[in-house]
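Every read-out reported here was derived from the displayed coordinates using simple, explicitly stated rules and does not represent laboratory data. Everything quoted here is computed from the prediction, not taken from an experiment. A quick note on method: Cβ atoms are made from the backbone with ideal geometry, for glycine too, and the neighbour counts reach across all protein chains shown.
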Amino acid sequence: MSGIEINSVLTENRLFEPSAEFTAKARIKSDDLKALYQQAEEDYEGFWANQAKQHIDWHTPFTRTLDDSQAPYFKWFTDGSMNVSYNCIDRHLENKAEKTAIIFEGEGGDVQHISYQQLHDDVCRFANALKIKGIQKGDRVVIYMPMVPEAVVAMQACARIGAIHSVVFGGFSAESLRDRIEDAQAVMLITADGGTRGGKIVELKEAADKALNNGCDSIKHVIVLKRSGQKINMQDNRDTWWSDAVADQSTTCIPEWVNAEDPLFLLYTSGSTGKPKGIQHSSAGYLLNAIITNLWVFDLQDHDIFWCTADVGWITGHTYVAYGPLAAGATIVMYEGAPVIPDAGRFWKMCEQHKVTIFYTAPTAIRALMKFGDDLPNQYDLSSIRLLGTVGEPINPEAWMWYHTVIGKEHCPIVDTWWQTETGANVLTPIPGVTATKPGSCTLALPGMDVDVVNEEGESITEANTGGYLVIKKPWPSMLRTIWGDDQRYIDTYFPKFDGKYYLAGDSARRDEDGYFWIMGRIDDVLNVAGHRLGTMEVESALVANSAVVEAAVVGRPHDVKGEAIVAFVICKGDRPVGEEAEKMAADLRNWVGEQIGPIAKPDDIRFADGLPKTRSGKIMRRLLRTIAAGEEITSDTSTLENEAVVAQLQGEA
Ligand code: WTA
């Protein structure tokens, strides 16, 4: 039976209890979970202090847990010092030096196993190389790399010396890279000659050169990993090959003991206004939630092989690839390449080959692979898998059922984890051995996370299945600290309502009769395209930056694989392009947006008109545009529009 058919017999509120077998071996049992909730309820700070003592190796133990004197700029464990790389690597060397930390597979099938000892040595050598180049604590280092172990080495090396990294997804364009380098005023760029994806080379160094030749004056050094082997330009006095940089370096590098609150990294993400913002995370608080969620939600145990398919360019690749699982002493899988090479069975083949026990991916990937049917996954032995996870967007029940039946063989719990770049780690999620799940719901808040759905006045909505704002009412250790260089924007974006008392997630949600959370969508102009966050305004700015374009409006429309697809309504200079001319213009603009932001931002559909539908006060009618984009019937009255005639043009009827 294909996944789609399962849907027709599905009821939304079906409960799936964890199997007795899973529960028996799980780290967190029902009583443990109850005790955790109770501790957090009775003594919130004490709860977090206990967790921080239990899970982090401190250089200087902290005595203060939460400093809320400058709320909502919260600080945690402020007088403690530690090092994130030490916690991820060194502390395992006594007992687990030879344990595999990373299993890496390239798209071509090359495999590497890297032990904790080897990872330690590689990180130390690279950290020493950074120091030789003059990188100091607090300096910003941008990492623009393929999904290879060296990306993790680079991140860990920055953490080791207290430098602040900012990973830029390798699929972003030169322009996006430049914006992020300039905003962070980064002094170093770490990149590769090229990466491989879908059988093609991703020209990373070429894009980096384009960015650097067009600004980025703060960059003093570039380190280039040889990966794809194609010819690239190396600039004297600026560019060094990775292999040369580490050649004479020692495998010892004493970690820099940083303050708990010193920034670990920036990660740029989209909002409704302006350019992407640099989400700033702390060291200890971030690491704490990263560790406990890997233990509680992914039930990481010593024998586990954990494969989170996210790229390190996203927050998921930070918390569930580069940091959290390593801090928990786990073995992770990394894959550089596309899921459909050589065919759509690649993930399942790799699960069999590497005996993956925990698999974590995005609903968009599940939907894309589900389309190829059950035969591919059924060709492989998936019996090692014991736990499945999803993240990034709501999972539709039919995809959930397919994941459960065809991949999980009906015995693996599925953790649907809701969280954000800003929260640093999972917030709403089942605990796999305890929480009964419902397809499409991210279930309940973790212990220590005070999450609610509130109305316009900030009051809890107690009525079941009534939507409202998703908020977090108390600070938590891994919350973002600010937006890099823009404290005011931090307040304006995350604390604009309810007297600044609650963190506003930007999502709407409802709770059902069991108190389970169901995410309904964004409340702002943020799109979620194949699990990637994109601001409509970012795409609009890219479009109007083209000299042929006068005005543009961008909206999302539902898409069965990507979740949302991008539809752009464009007004060009001169006459409205029609027919072949329109096709050519649309193709040019798609490429243009690809160059300005990255291929993920290319609109699926571009429509031209003489004007955009606006109210008489000049506001673009976005809701109307969404209706048009979805091909739905327009029920609202359009006669009040300033320019009613354009509606037919945008619908493609004139
Ligand atoms: C959405 C990704 C429903 C949500 C970790 C959120 C989800 C945004 C889920 C953050 C989920 C993430 N169910 N929606 N399980 N997980 N989202 O910053 O809209 O890339 O606000 O972080 O993705 O996206 P971000």
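Some observations on this one:
- For segment 186-282: rounded, prolate or oblate by the Cα gyration tensor [a/c cutoff 1.5]: oblate
- If you look at the Cα atoms of segment 526-650, you get an Rg and a Dmax of 13.9, 38 Å.
- Counting only DSSP beta bridges with both residues in segment 526-650, the antiparallel share comes to about 80 percent.
- Of all DSSP-defined beta bridges confined to the chain, some 60% are antiparallel rather than parallel.
- Lys pairs under 22 Å by Cα in segment 433-571, provided they are eight or more residues apart or on distinct chains: 5
- For LYS584, a cut-off of 16 angstrom between C-alpha atoms picks up these aspartates and glutamates, skipping any fewer than 8 places away in its own chain: ASP575, ASP604, ASP605.
- 3J(HN,Hα) along segment 417-430: 9, 9, 5, 8, 3, 6, 7, x, 7, 3, 10, 9, 5, x Hz, from the Karplus curve 6.51 cos²θ - 1.76 cosθ + 1.60 with θ = phi - 60°, whole Hz, x for Gly and Pro.
- Based on Cα contacts under 8 Å between residues 6+ apart, segment 520-654 shows a relative contact order of 21 percent.
- Counting DSSP beta bridges with both ends in segment 154-289, the antiparallel % (nearest 5): 45 percent
- Contact order for the chain, expressed relative to its length and based on alpha carbon pairs under 8 Å spaced 6+ residues apart, stands at 14 percent.
- Counting beta carbons within 10 Å around each of ILE291, ILE132, ILE161 and listing the fewest first gives the order ILE132, ILE161, ILE291.
- Listed by chain and number, the lysines whose C-alpha is less than 25 Å from the C-alpha of LYS210, apart from same-chain residues fewer than 8 away, are LYS133, LYS200, LYS220, LYS226, LYS231, LYS275, LYS277, LYS602.
- Karplus-derived 3J(HN,Hα), 6.51/-1.76/1.60, for each residue of segment 195-204, Hz, glycine and proline x: x, 10, 8, x, x, 10, 8, 8, 7, 5
- FRET efficiency, 1/(1 + (r/R0)^6) with R0 30 Å, evaluated for HIS411 and ALA587 via beta carbons: 0.05
- Over the chain, the pair-distance histogram of Cα-Cα distances with 20 Å bins from zero comes to 18, 54, 26, 1 percent, rounded to whole numbers.
- Across segment 337-345, coupling constants 3J(HN,Hα) worked out from phi with the 6.51/-1.76/1.60 Karplus curve, θ = phi - 60°, read x, 8, x, 10, 10, x, 8, 6, x Hz, and Gly and Pro carry x.
- Unmatched cysteines, the chain - criterion: no other Cβ of a Cys under 4.7 angstrom: CYS88, CYS158, CYS216, CYS308, CYS351, CYS412, CYS442, CYS572
- Sites SER547 and LYS226 - FRET efficiency at Förster radius 41 Å, r taken between beta-carbons, to 0.05: 0.60
- Each Lys and Arg contributes +1 and each Asp and Glu -1, all at the Cβ; summed about the Cα centre of segment 526-650, the dipole is approximately 380 debye.
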